[in-house]
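*Asks:* This is the structure I want to talk about, given as structure tokens.
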Ligand SMILES: [Zn+2]
């Protein structure tokens, strides 16, 4: 029997060049069988509830990895995972986005909750320093990056950057691993070993669409320096002006009002 692939309801292109195939699970879709303990036959296939206490405003993005799969010719894994979700073959996992290479399929609106973080309806402390709390399921947009593939990961980073811009989220504090919400789960398993690098890539794409970075130079040519994640003024002074140097000249030259640096910020460096 010929396999019937899903047709997206709508295809959109983002400002940073991604193509998103939308196939949003309708509120009215009911489970064709027992899918999970929380989706019995005849029950709704998604939470049908809005993020962030009903406001629909996402507070963060959660990144997952899922295994690559073999698919029939003429389709790709992102479409097939979407189809499996519709057919009740994903054990109750429902996410906003599946990403495979440059293919992106969207299954949930960005203002609604999914089931993906294994944290039920709980919240825990967030990465923000403001004391706010966060639930993976309750408050975040979920992306499943399919396979241990460079291109899937790169597309995921671009998608995260675009979502951050769109929803006013900060790539430094508002991007999470699945593991953050459920410590026993090694997810995103392929990205976790280089999570910091992944975040730097997200930041790079975010800077590119928000115009925050001027020229992403990394070193001192022309006596400018682009701040990297974790840099301090003191370290920069030691490296670029010599051991024992003070950073007051850098502060003065750049008119800095505080010692807090932003990743991607370009500093003028005084002559030695
Ligand atoms: Zn996960």
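*Asks:* Sort out which residues of the stretch 240-257 are over 14 Å from residue 271 (Cβ atoms) and surrounded by 15 or more Cβ atoms within 10 Å (Cβ to Cβ), and write them in order of number.
*Replies:* Listed by number, the residues that qualify are 247, 251, 254, 256.
*Asks:* So, one more: Working carefully through the options 200, 183, find the one that is over 18 Å from residue 135 (Cα atoms) and either more than 16 Å from the ligand (Cβ to nearest atom) or surrounded by fewer than 17 Cβ atoms within 10 Å (Cβ to Cβ) (or both).
*Replies:* None of the others qualify; the one that does is 200.
*Asks:* A further question follows. Go through (1) surrounded by fewer than 16 Cβ atoms within 10 Å (Cβ to Cβ); (2) in a loop (DSSP other than H, G, I, E, B) for residue 12 and report which single condition fails.
*Replies:* Here residue 12 meets the rest and fails (2).
*Asks:* Now for a separate question. Look through 8, 26 and report the one residue that is free of Cβ contacts under 8 Å to residues at least 24 places away in the same chain and out of contact with any helix residue (DSSP H, G or I) (no Cβ under 8 Å at 6 or more places or on another chain).
*Replies:* Exactly one residue qualifies, and that residue is 26.
*Asks:* Ok, one more. In the stretch 77-122, how many are touching a strand residue (DSSP E or B) at 6+ places or on another chain (Cβ under 8 Å) and either within 16 Å of residue 23 (Cα to Cα) or surrounded by fewer than 17 Cβ atoms within 10 Å (Cβ to Cβ) (or both)?
*Replies:* 28
*Asks:* Then there is this: Could you pull out every one of the helices (runs of 4 or more DSSP H) wholly within the stretch 59-173 that has 2 or more residues that are within 13 Å of the ligand (Cβ to nearest atom)?
*Replies:* Output list reads 136-139.
A short reminder: the numbers here are calculations on the coordinates, not readings from a lab. Please read all numbers here as calculations on a predicted model, not as lab measurements. Here the Cβ is made from the backbone with ideal geometry for all residues, glycine too, and neighbour counts use every protein chain on show.
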